[in-house]
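**Student:** The structure under discussion is supplied below as structure tokens; questions concerning it will follow.
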Amino acid sequence: MISTLEKKITFRFLKARKKDGFLNIISIFSFIGISLGVAVLIIVMSVMNGFRTELINKIVGFNAHITVDPYQKKIEVDEINQNIKNISKNLILSNSGEAIIIKSDTSKGILLRGYKNNDFSKLEIFDGGISSGNKEILLKNYISIGRELSFTLNLDIGDSVTIMSTAGVETIIGNLPKQKTFLVSSIFESGMAEFDNNIAFINLKTLEEFFNLDKNDRNLEIYLDNPQKIEYQKLIIKNNFPDEFIYTWADMNKSLFSALKIERNVMFIILSLIIIVAAFNIISGLTILVKNKTKDIAILKSIGVLNNSIIKIFFLVGVIIGTSATLFGILLGVTFAIYVENIREFLSTTFDLTLFPEEIYFLSTMPSEIEISSIF
């Protein structure tokens with residue numbers, strides 16, 4: 001229990017006198033050091049949490065949650081077990097192939113994904129992700145491209161492009177790659193520049209003809225109600241498709257998320273050192289304070305103040321500085337984390353800087369997600 005006398009003496013010691021000016025400077029720097037350390041730690045953790053969440057949402061939105069790749073037996077959607085239907089929203093057959101897209105003098109390698117016309121509009125990427133055009137149209141000789149790819153090739157709705165297949169066709173002069181002209185029916189924007197620039201969609205039957213693919217090779221794309229609990233649901237799929245190759249969005253991006261987790265932990269350790277250094281500043285300040293208050297301590301002991309009370313007084317000085325600095329740092333960090341995108345835009349506009357390039361970080365805005373557990 002802290003007595004009234006101990007509280008009064010503690011607050012008296014916190015008010016540095018003129019001759020204790022150096023001591024006051026140490027206290028101020030200790031306060032600033034802990035505040036900045038806590039704020040930076042919260043900001044970095046929030047941005048990294050937000051980056052991971054946004055990345056998962058984009059990847060989950062663009063890719064199938066679970067893909068079943070058949071080895072020999074053709075997959076029929078109508079014959080799928082009820083257990084799978086209970087945990088899934090959509091079951092879609094698809095196929096894919098690599099090709100070269102050509103417009104005027106510009107060419108680029110892309111991945112073509114094929115879907116049936118009625119399945120194409122069910123893809124999660126198009127929940128508000130169509131930039132222009134009609135997502136209901138994916139008939140023969142129509143193609144849907146990403147926003148970044150449309151900028152790269154200077155394409156718009158209704159423009160025609162030539163696609164060159166990796167599959168060949170026999171002619172008099174030998175084997176030549178197939179070529180086909182497609183009309184751009186829609187332009188999508190997934191929020192991930194890497195996907196928007198390298199993937200396009202065409203009709204499933206057209207793709208299979210274009211790449212000489214067999215219908216038995218069609219993949220089953222499973223879109224789940226809850227894609228976060230992916231490992232448990234993967235086991236259910238495996239039990240129903242024991243002889244097929246099954247992979248999830250997490251399997252496809254395992255190295256990326258492992259790297260993010262390691263980076264987050266390393267950043268936490270490094271930034272925690274700032275707080276530790278600032279804490280040693282408090283210890284240094286308290287040591288100097290004790291030396292400067294030798295006479296005051298002697299007076300307190302002469303009037304009967306116990307040693308435990310004197311220890312409490314100096315302990316409270318350190319706790320008040322540390323606690324107030326931590327609370328101020330939390331307030332500063334949370335405020336900055338909430339408005340981090342606005343701050344980024346302001347700095348980018350004012351100083352003409354690119355602080356968050358899309359081509360590197362996959363996202364067009366700087367995300368932030370505040371977790372109470374991280375702050376605690």
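**Student:** List, please: which pairs have Cβ atoms under 9 Å, are six or more places apart or on different chains, and start with a residue in segment 249-271 that is hydrophobic (A, V, I, L, M, F, W, C) and end with one that is part of a helix (DSSP H, G or I) and open to solvent by 60 Å² or more (accessible area, probe 1.4 Å)?
**Tutor:** Ala250/Glu231; Phe257/Arg52; Leu260/Arg52
**Student:** What do you reckon, is Ser165 assigned to a strand (DSSP E or B), modelled with pLDDT under 85 and hydroxyl-bearing (Ser, Thr, Tyr)?
**Tutor:** Spelling it out, it is not the case that Ser165 is assigned to a strand (DSSP E or B), modelled with pLDDT under 85 and hydroxyl-bearing (Ser, Thr, Tyr).
**Student:** Let me ask another. How many of the residues in segment 297-336 are closer than 17 Å to Glu6 by Cβ and open to solvent by less than 50 Å² (accessible area, probe 1.4 Å)?
**Tutor:** Adding up the residues that qualify gives 11.
**Student:** Can you confirm whether Ser104 is open to solvent by 20 Å² or more (accessible area, probe 1.4 Å) and either modelled with pLDDT under 80 or more than 30 Å from Ala259 (Cα to Cα) (or both)?
**Tutor:** Taking the combined requirement at face value, the residue satisfies it.
**Student:** Return the residue satisfying two criteria in turn: it lies in segment 243-278 and is β-branched (Val, Ile, Thr) and within 16 Å of Ile230 (Cα to Cα), and of such residues it is surrounded by the most Cβ atoms within 10 Å (Cβ to Cβ).
**Tutor:** In this case the residue turns out to be Thr248.
**Student:** Which ranges mark the helices (runs of 4 or more DSSP H) fully within segment 199-317 that have 1 or more residues being touching a Gly at 6+ places or on another chain (Cβ under 8 Å)?
**Tutor:** Answer list for segment 199-317: 204-211, 254-292.
**Student:** Go through Phe328, Phe314, Phe268 for me and flag whichever is at pLDDT 85 or above and farther than 30 Å from Asp119 by Cα.
**Tutor:** It is Phe328.
**Student:** Kindly evaluate Lys89 against the criterion of being open to solvent by 60 Å² or more (accessible area, probe 1.4 Å), modelled with pLDDT of 80 or more and of a type in the set (Lys, Arg).
**Tutor:** yes
**Student:** OK, next. Of everything in segment 200-232, what is under 23 Å from the mean Cα position of the chain (by Cα) and either of a type in the set (Lys, Arg) or open to solvent by 20 Å² or more (accessible area, probe 1.4 Å) (or both)? Give them in sequence order.
**Tutor:** The answer is Asp225, Asn226, Pro227, Gln228, Lys229, Glu231, Tyr232.
**Student:** Still on this structure, please answer the following. Could you figure out which of (1) within 22 Å of Asn49 (Cα to Cα); (2) at pLDDT below 80; (3) surrounded by 13 or more Cβ atoms within 10 Å (Cβ to Cβ) isn't true of Pro367?
**Tutor:** So the condition that Pro367 fails would be (2).
**Student:** Please enumerate the residues belonging to segment 1-18 that are at pLDDT below 70, surrounded by fewer than 13 Cβ atoms within 10 Å (Cβ to Cβ) and part of a loop (DSSP other than H, G, I, E, B). Spell out how you get there, then give the answer.
**Tutor:** Within segment 1-18, the subset at pLDDT below 70 is 1, 13-18.
The next check asks that each one be surrounded by fewer than 13 Cβ atoms within 10 Å (Cβ to Cβ); those that pass are 1, 15, 17-18.
Once the filter is applied, which keeps residues that are at pLDDT below 70, surrounded by fewer than 13 Cβ atoms within 10 Å (Cβ to Cβ) and part of a loop (DSSP other than H, G, I, E, B), segment 1-18 yields Met1, Lys15, Arg17.
**Student:** I'm trying to understand the selection: among the residues of segment 137-152, which are modelled with pLDDT of 80 or more, out of contact with any helix residue (DSSP H, G or I) (no Cβ under 6 Å at 6 or more places or on another chain), surrounded by 15 or more Cβ atoms within 10 Å (Cβ to Cβ) and closer than 25 Å to Leu213 by Cβ?
**Tutor:** Listed by number, the residues that qualify are Tyr142, Ile143, Ser144, Ile145.
**Student:** Part of a helix (DSSP H, G or I), at pLDDT 80 or above and open to solvent by 40 Å² or more (accessible area, probe 1.4 Å), is that true of Ile43?
**Tutor:** Here the answer is no, as Ile43 does not meet what is asked.
**Student:** Criterion first (open to solvent by less than 30 Å² (accessible area, probe 1.4 Å) and within 29 Å of Leu91 (Cβ to Cβ)) does Leu235 satisfy it?
**Tutor:** Values: open to solvent by less than 30 Å² (accessible area, probe 1.4 Å): no; within 29 Å of Leu91 (Cβ to Cβ): yes.
No: the conditions fail for Leu235.
**Student:** Considering only segment 317-353, state which residues are over 20 Å from Phe376 (Cα atoms) and touching a residue at least 40 places away in the same chain (Cβ under 8 Å).
**Tutor:** Across segment 317-353, the qualifying residues are Val317, Val340.
**Student:** Among the numbered criteria (1) assigned to a loop (DSSP other than H, G, I, E, B); (2) open to solvent by 80 Å² or more (accessible area, probe 1.4 Å); (3) modelled with pLDDT of 80 or more, which one does Phe346 miss?
**Tutor:** Looking at each condition in turn, Phe346 falls short on (1).
The values are calculated or read from the model by the stated rules, or taken from the named source; none is laboratory data. Since this is a predicted model, take the numbers as computed values, not measurements. Methodologically, a virtual Cβ is constructed for each residue, glycine included, from the backbone with ideal geometry; neighbour enumeration extends over all protein chains shown. For the accessible areas, the whole protein counts, side chains as well, though only heavy atoms, and no ligand, DNA or RNA atoms are used. Shrake-Rupley method; radii C 1.70, N 1.55, O 1.52, S 1.80 Å.
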